[in-house]
Amino acid sequence: MSGKDTVRAVCPGSFDPITYGHIDIISRAAALFDEVIVAVGQNTTKNYMFTMEERLAQVAESVAHLPNVRVAELQGLLVEFATGLGAQVIVKGLRFSTDFDYELQQHHMNSSLAPVDTVLLPGGRKWGTISSTMMRECAWNGADVSEFVTPAVNAAILAKVAATRA
């Protein structure tokens, strides 16, 4: 394919931490589109476990096996970020009907601002209901979350919890 035929997608999130659910959505997006940019963002309403630099590194390591995926820091409005990179599509994962309601509103706003479409992928059966918030809450309270995150991310979680408690 020539460069102008390439369909580029942005898959945004805060990824604090990145979970197998995120990786599932990113992997499926990578199978659908020529290039996927995982946009790691900052949400002012969230209390983060990991810094932006830590999250960028964790996401990059978690998707390194996908040759058509790269990671970038999301700054500003998602739709402006996407169009600035020449992306035609924003990919979002859905867990519940409330996710759909929110993402539909976002799609309508984004499409009024720029010629970017939204693709909503339902979460897979195995990982579709987990969330980063749930992982953080469980980890802070001593639960084992290793089933839901990569070994490297699990080690980082354990280290962060231990450092915070020390």
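The values are calculated or read from the model by the stated rules, or taken from the named source; none is laboratory data. This one's a predicted model, so the numbers in the text were calculated from it and none came from an experiment. Cβ sites come from the backbone with ideal geometry, for glycine too, and all protein chains shown count toward neighbours.
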Within the range 36-59, considering residues that are of a type in the set (D, E, K, R) and out of contact with any Ser or Thr (no Cβ under 8 Å at 6 or more places or on another chain), the one farthest from Met134 (Cα to Cα): Glu53
Selected residue (criterion: modelled with the highest pLDDT) from residues of the range 62-80 that are under 18 Å from Ile25 (Cβ atoms) and in contact with a Gly (Cβ under 9 Å, 6 or more places away or on another chain): Leu74
Qualifying positions in the range 115-131 - over 20 Å from Val149 (Cα atoms) and either within 14 Å of the chain's Cα centre (by Cα) or outside any loop (DSSP other than H, G, I, E, B) (or both): Asp117, Thr118, Val119, Leu120
Residues that are of a type outside the set (D, E, K, R), surrounded by 10 or more Cβ atoms within 10 Å (Cβ to Cβ) and assigned to a helix (DSSP H, G or I), drawn from the range 149-166: Ala152, Val153, Asn154, Ala155, Ala156, Ile157, Leu158, Ala159, Val161
In the range 27-48, residue farthest from the chain's Cα centre (by Cα) [restricted to those that are at pLDDT 95 or above and within 21 Å of Ala156 (Cα to Cα)]: Gly41
Top-ranked residue of the range 98-147 - restricted to ones that are at pLDDT 85 or above and of a type in the set (D, E, K, R), ranked as surrounded by the fewest Cβ atoms within 10 Å (Cβ to Cβ): Arg125
Count - residues of the range 107-124 that are under 24 Å from Gly21 (Cβ atoms) and either free of Cβ contacts under 8 Å to residues at least 24 places away in the same chain or aromatic (Phe, Trp, Tyr) (or both): 1
Set Glu61, Glu103, Glu54: member being among the acidic types (Asp, Glu) and over 20 Å from Arg136 (Cα atoms): Glu103
Residue that is surrounded by the most Cβ atoms within 10 Å (Cβ to Cβ), among those in the range 1-26 that are over 27 Å from Ala155 (Cα atoms) and among the small types (Gly, Ala, Ser): Ala9
